[in-house]
Amino acid sequence: MTFQRGSRYTKPVATAIPSPAETNTIGKCERRLHSLRHASENNRSAAQNAVMATRVRVWSSASHATATTAPLPAARSQMLSTMLASGSGAARSDGSSERASVSITIRSFARGSLTPVRRVLVLRHGESTWNKQRRWQGWLDAPLTPDGEAQAVQRAVALARAGVVPRAVYTSDLERARRTAEILAGRLDAPLVPDAGFRERHGGDWQGHTADEIDRHWPGMRAAWRRGEIAAPPGGEDDATALARFDGALHRALAHVGDGVLVVVTHHGILRVVATRAGADVHATIPNLGGFWFGVGDGRLTDAEPIGPLQPDGERPPVE
């Protein structure tokens, strides 16, 4: 599979600024780690430890904290505390508490070994012209609106400011998702990889129709489908089939990028199903460029954590 670079580039805003010497050290270690990716596990572990030690020293240093530093979630703060207590990071000589900002690509440390941390951010695409018309899209397509493009830029800027550095941006091959992903990949300087497995649920006979048209031509069926009384629209894809397709695409993506952060751009319907399976209580609309952070377990996404929306609450429910 060939990586495609994004069409735009803006260097991500770091959450902490290392010195030139430390930057050089990190770069050397990262290049060494990349060159050893297919080498023996022992050699790879040594390179990973070198990267980790340098990252923790840089990012945990109060002298390098900047105004963009944000508080860490409790779980990640605990992970950093464990690493510092085990001697993997530089301790403050005066014994005072240190301000710390850690990239989400940081790896967990377990006294002599490193366990890769995989985090997956799954986002809904930007607003499309058919979203505005409340028209069911499914596997049909429509371009982004100007607002949809602006939403993608806004999300990319927010991720860069948070220090998110994805290994790759994977996307549904449908235009509304792919264009969103192009903007994200360009601004985050990440490879762009389309995969049809990340498409929306197939909407069958309802594709191309508005909600009013569906209710007129198939009276009562859309409401019954939303209540779970029927598995899919006529000729459409049920949740189990869509999940199996999504899981296959996820497996390909994770095998390709390895550890670190993966960003996936997909669609409202399939994202809702994936997040619900991962434990999220999804009742409200997932806004355009909204989504969830996930962990990975047994080849599936787990532990869904919603990312902050870019739009005000109170949207009308989407038509997938």
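Just so it is clear, none of the values below were taken in a lab; they were calculated from the coordinates. Just so it is clear, the model here is predicted, and its values are computed rather than measured. No Cβ is skipped: glycine too gets one built from the backbone with ideal geometry, and neighbour counts run over all protein chains shown.
Side notes on the structure shown:
- Listed residue (Ala177, Val153, Gly220) projecting farthest to the positive dipole end of segment 119-307, Cβ model: Val153
- Among 146-155, 208-217, the order from most to least packed when residues are scored by Cβ within 10 Å on average: 146-155, 208-217
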